[in-house]
1. Looking only at the range 214-243, count every residue that is away from ligand 1 (no atom under 16 Å from the Cβ), surrounded by 15 or more Cβ atoms within 10 Å (Cβ to Cβ) and charged (D, E, K, R) and tell me the total.
2. Condition (residue is free of Cβ contacts under 8 Å to residues at least 60 places away in the same chain, surrounded by fewer than 20 Cβ atoms within 10 Å (Cβ to Cβ) and within 20 Å of residue 431 (Cα to Cα)) applied to the range 542-549: is it met by at least one residue?
3. Failed condition for residue 129, given (1) small (Gly, Ala, Ser); (2) within 16 Å of ligand 2 (Cβ to nearest atom); (3) at pLDDT below 95, with all others met?
4. How many of the residues in the range 353-376 are touching a Leu at 6+ places or on another chain (Cβ under 8 Å) and not charged (D, E, K, R)?
5. Out of (1) under 15 Å from the mean Cα position of the chain (by Cα); (2) of a type in the set (S, T, N, Q); (3) assigned to a loop (DSSP other than H, G, I, E, B), the odd one out for residue 328 is which?
6. Kindly indicate whether any position in the range 114-123 is in a helix (DSSP H, G or I), closer than 22 Å to residue 58 by Cα and among the hydroxyl-bearing types (Ser, Thr, Tyr).
7. Out of the range 438-491, which residues are crowded, with 19+ Cβ neighbours inside 10 Å, assigned to a helix (DSSP H, G or I) and β-branched (Val, Ile, Thr)?
8. Specify the residue that is surrounded by the most Cβ atoms within 10 Å (Cβ to Cβ); the eligible residues are those in the range 396-437 that are assigned to a strand (DSSP E or B) and more than 35 Å from the chain's Cα centre (by Cα).
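The values are calculated or read from the model by the stated rules, or taken from the named source; none is laboratory data. None of these values were measured; they are calculated from a predicted model. Because the Cβ atoms are built from the backbone with ideal geometry, glycine has one as well, and the counts that use them run over all protein chains shown.
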Amino acid sequence: MNKLNNFVWETHGIHAGTEKDYVKHGIDKLEDIVEKALEANHPSITFIIHSPRLTNFRYSVEKNTNIKFIRGNRSYINYPKRIANLRKKYKGLINIKFGVELEWMGADLGLQWSRSKIFQAEDADFVIGSVHFAPEGLPYDGSKEEALELLKIRGSLEEYWSGYFNEIIEMIEHFGDMIQVIGHIDLPKLNVDVPEVLQNFESSSHPLANKFRTLLEVIADRDLALDVNMAGDFKGVGVYPTQDILRRAFKLKIPICIGTDTHHVKYYGYKFKESLQYVYETGYKHYVSYSKLIPEKRTIFDDHDLKVKYTILNKGIELLNQRLHNKNRRIIPDFSFGGTFSEFLDIYKNATGMGDYNAIRIRKANKSITVSNETPQAESHKVKGLFSKHADIPGVISSLFNTLASEGVNVETARLKSNNDGTAVAFLTLEEDNGNIKSAIDFISGTDKEIFKVLQYKEEADLPNFYEKGVYLLEMDGVELKLALSEKVILTKHHNAPGVLLILLSALASKNINIIDLRLGKRNNMGYSALAVDGDKNVINNLLNKLGDQYYEANLIEFHSM
Ligand SMILES: [Zn+2]
Ligand SMILES: [Zn+2]
């Protein structure tokens, strides 16, 4: 028990791939690093690239070359494409993530420049906001001489650090939701001493201590994560940040992420276990990594049950986030936990309990999702509806719904199940029999005789059990759905009127998208549908965009987390 994981889902991972771009910085080839990670049997590798800097923000080593260049400009622009190619090449072998380390260079031109760089990094999994340069044009992490020059300008150690914290606070205010993580929060210790008032920041009444406490509170309020960065360790000044800082961060419920921030493949995987032990000693029991801007929870210990719970939580967050517009995706949601998930109540700010309800509820911007890995109970009472056994091919469900609709029969909800032998079964709960159900069955049997093996309307039937082990979407906005999640899921919120759902089903049938399962729900005149589907994502997205204004929401959800 309590065995530390021997792998870290890095965020501030490895700077690499600038290659021939005049930069002696992160020049290792991306492929070489992926190969190394594969060799080590790692499930994931995280690349990170610096956003290029304005030319007056340069390290002296850069100024002293005889070539003028903007560091990494060319490699930066091509990075997302190269990562996409890597993902294709290593598909199924390793999970490849990439992030941007966004440079703070003041609120004027620097800010506009950074905004344009963010635009070029749209596909990034996360963005770290970092201050490396003082507005005076001197770096905090350059040479000793550069640091001493800045110290001389600022007059004292306290002012030196105070300037750095001011810049981080200013960066957070201006970058807003462009960033998810604050990079190496005590970076200046690389070249200058840490003043005593800062070493005792918890108890000191000095303005610098106060400023630093404020900075941590700002980070907590904005739901940003702190970068636990091993680079300080192999540079001999100790991990960024110190354990004292992490202890306070833990009390403020600031999430942390972990990385080696290495620029050389030889340091890849440096002290994984030590980094986990380091954060564990300060109170943390989990950390986060990022996938498409979404923080994913990771365990410190090799604890299977906890990993499973985090996976469900991650899936739930992805479900909810992909229902939202980009801007809202970056905001951390609110949580409720019940049953076996109640242990998360201590971890999340403002989380509320749900008693014995064994599920996770996640909400944001008037939308909510409830997920669980508890297999729903099959209903035991007698049901009335249409039973079907048919060929497991695209279009069948659409044809069934179409024929029923043509007779004015509305489907209340449906359950499908593939038998994995080329056949599938379905049960459709129908709104009351208007006398035309028999006629609808005759029409289907006439038209699609070879597809439907059984098609029977029953008034007093036992509902077959369609539930298997899995992760379930129990509800959407409080409307019960109980859909088992598969790789691709479509969620819609639409006007609940006869025929509206047919638009979606017909669109899917026309593009040969197979429906694995389908659940419907409603609240008054608002209809909800959840479909597990199989097909090309671009084709599906394209048709979802064309459903029309009776669909208030129609999203394809794909799961990137593991
Ligand atoms: Zn950095
Ligand atoms: Zn870095």
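1. Number satisfying all stated conditions: 2.
2. Keep residues of the range 542-549 that are free of Cβ contacts under 8 Å to residues at least 60 places away in the same chain, which gives 542-549.
Next, only the ones that are surrounded by fewer than 20 Cβ atoms within 10 Å (Cβ to Cβ) stay: 542, 544-549.
Imposing the further condition that a residue be within 20 Å of residue 431 (Cα to Cα) reduces the set to none.
For the range 542-549, residues free of Cβ contacts under 8 Å to residues at least 60 places away in the same chain, surrounded by fewer than 20 Cβ atoms within 10 Å (Cβ to Cβ) and within 20 Å of residue 431 (Cα to Cα): absent.
3. (3)
4. Applying the first criterion (touching a Leu at 6+ places or on another chain (Cβ under 8 Å)) to the range 353-376 yields 353, 359-360, 362-365, 367-372, 376.
The next check asks that each one be not charged (D, E, K, R); those that pass are 353, 359-360, 362, 365, 368-372, 376.
Qualifying residue count, the range 353-376: 11.
5. (3)
6. First, pick out the residues of the range 114-123 that are in a helix (DSSP H, G or I): 114-120.
Next, only the ones that are closer than 22 Å to residue 58 by Cα stay: 114-118, 120.
With among the hydroxyl-bearing types (Ser, Thr, Tyr) added as a condition, the list becomes 114, 116.
The answer is yes; a qualifying residue exists.
7. 441, 444, listed by residue number.
8. Going through the range 396-437, the residues assigned to a strand (DSSP E or B) turn out to be 411-418, 423-430.
If we keep only those that are more than 35 Å from the chain's Cα centre (by Cα) too, we end up with 423, 429-430.
Details: 423: 15, 429: 15, 430: 19.
The qualifying residue surrounded by the most Cβ atoms within 10 Å (Cβ to Cβ) is 430.
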